[in-house]
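*Asks:* Right, I'll just put the structure down here and ask away after.
The values are calculated or read from the model by the stated rules, or taken from the named source; none is laboratory data. These figures come from a predicted structure and were not determined experimentally. Note that we place each Cβ from the backbone using ideal geometry, even for glycine, and neighbour counts take in every protein chain shown. Accessible surface is based on the protein model in full, side chains and every heavy atom, while ligands, DNA and RNA are left aside. Shrake-Rupley method; radii C 1.70, N 1.55, O 1.52, S 1.80 Å.
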Amino acid sequence: MSEPPREPPPYTIYRTRPRVFSRGRAAGSPLDELRGDGRPPRKGGRFRWVRFRSDKPWSVGRVIRVVLLAIGGWLLLSLVLFLISAQVTQDKVSAEAEAQLTSGGYPLVSANTVLVLGSDARPKNSKEPGAGGPSRSDSIMLMRVGGGHAAKLSILRDTVVPIPGHGLDKINAAYAYGGAALSIKTIKQWLGIDINHVVEINFERFPDLIDSMGGIDYTGGCVVSKINGGSRNGGYTLRLKKGTHHINGKQALALARTRHNLCNAREDDRTRAARQQKIFAAMRSRLTSPGAFIRLPWISWNAPKTLRSDMSGPTLLGLFGGLAIGGSPPTRVMKPSGAVTTASGGAGLVVSEAEKRSEVRHFLKG
C-alpha cells in the first residue's frame, strides 16, 4: 500500500542588504558577487568599496531639490563667513565711544539710530597738507533702521555746532578732537536724540568690498580729482567723463572722497553727499543682482572688514537685514541757512533751529 504524498516543508527566504564593505574572509563567494559590482575583491585588503548604481530617472522634482540644497549650502557658507569675519577681522570702536551709546533692541525688529562716520585720514607718505595728522569725519550720516523704520539724514561736515569742551567749530572737527566718542556726544547734544550704534568706515579696506562685488556701475557728471595730493604725491588721481562707468574699488573710494572737482569748481559738500548716496545706491543695486549670489561668500567675508563698530556679528547681520527690509529711502540733508566764520578763521555753515527740529522729527518718524 502506497504512502500518502507528503506536504512540502515550510521555508523562509532571507534577503541580504547591500553592504558598503565586503569582508576579506568571504571574498570570492557567490554572496560577494551579488553584494558587489562583479569585480573580484582587492588582494591584500580586508575591505573593498562597493559601487551602487541607481537606475532612478532624474525627475523635475529631484532636480529642484538638489538645486535648493545647493543654494541653501551656498547661503549657509556665506553666513558663516560673515560671522567669522565680523568676529575675527572687524575692528571695534573704543570703550569711550561705546560708553556714549544708548542700548537699543535688535536692529532687525526694533528701531535703532546708527551713526555712520567716514574719516579723511591722509597717508603719512602723502605730500598733501595734514598728512599723518588727526583726521576729521569726512562724511556724517544718521540711519534709522528696524521695526519698520527706514530713514537717512546726512549732516554736512562744515556745519558749525557746539563741540563739548571746544566751543563752536565745524562738526567734523569733533572726530579730530576726540574720535568717535566725541562725535557721538556732539551729535547727541546738538540734535537731542539717542544714538544706539556707531559704524566707522575703514576706507583702507573699502576698495576690497567693491572689488569683491565685481565693481559697481556709477552714472554722473564729469569728475577729475586728486585724492591725497594726486598720483604724483603718493595719492590717487581720478578721471571720469560724464556718463555711466563701471568702476573698481579704488575709483569708488576716490569718487566718494572727492571734495574739489576740477571739472566743476562750484561743487560743495552737498554735491559730494549726493555723489556718495549714488555710490551706496549702486552698491545696493549690485548686491541685488544675480551676479552677487555667485560672489556672496567673498562679499560676506569683506563686508565686516570695512567697518569699525560696536556691533557683534549677529547684531551687524540684523542691521543689514533691517536695511534690506526697510528699503532705500532718499537721504535727507540738513540744509544750511547761512555761512559763518569759525574761531580758526575757516568758513562754516549754519543750520537754523527750525530746520534742525524739522529734520529730527522727520528722521525719528521715518
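*Asks:* Note down the nm distance, to one decimal, between modelled labels 7 Å out along Cα→Cβ at His166 and at Asp211.
*Replies:* 3.3 nm
*Asks:* I've got another one for you. Quick check: pseudo-label points 7 Å beyond the Cα along Cα→Cβ at Glu204 and Thr271, how many nm apart are they?
*Replies:* 3.1 nm
*Asks:* Right, something else. In whole Hz and in residue order, list the ³J(HN,Hα) couplings for the stretch 339-349 that follow from phi through the Karplus curve 6.51 cos²θ - 1.76 cosθ + 1.60, θ = phi - 60°; x for Gly and Pro.
*Replies:* Once rounded to whole Hz, the list reads 10, 8, 9, 7, 4, 7, x, x, 8, x, 10.
*Asks:* For the stretch 156-221, what size does the Cα cloud have along each of its three principal axes, sorted from largest down, in whole Å?
*Replies:* 44, 29, 21
*Asks:* Please give me the summed charge of the neighbours of Val333: other residues whose Cβ is under 10 Å from its Cβ, Lys and Arg +1, Asp and Glu -1.
*Replies:* +2
*Asks:* If I stretch the segment between Arg239 and Ala339 completely, what's the gain in nm (0.36 nm per residue apart, minus their alpha carbon distance), one decimal?
*Replies:* 32.9 nm is the gain from fully extending Arg239 to Ala339.
*Asks:* Sticking with this one: Each residue of the stretch 192-208 in order: what ³J(HN,Hα) in whole Hz does its phi give by Karplus 6.51 cos²θ - 1.76 cosθ + 1.60, θ = phi - 60°, with x for Gly and Pro?
*Replies:* Whole-Hz 3J(HN,Hα) from phi for the stretch 192-208: x, 10, 8, 10, 8, 9, 10, 10, 9, 7, 8, 5, 5, 9, 4, x, 5.
*Asks:* While we're on this one: Roughly how large, in nm² to one decimal, is the mean projection of the convex hull of the alpha-carbon atoms in the stretch 231-307?
*Replies:* Convex hull of Cα atoms, orientation-averaged projection: 6.5 nm².
*Asks:* Given a 1.4 Å probe and heavy atoms of the protein chains only, how would you sort His245, His362, His197, His260, largest accessible area at the top?
*Replies:* The most accessible residue leads, giving His260, His362, His245, His197.
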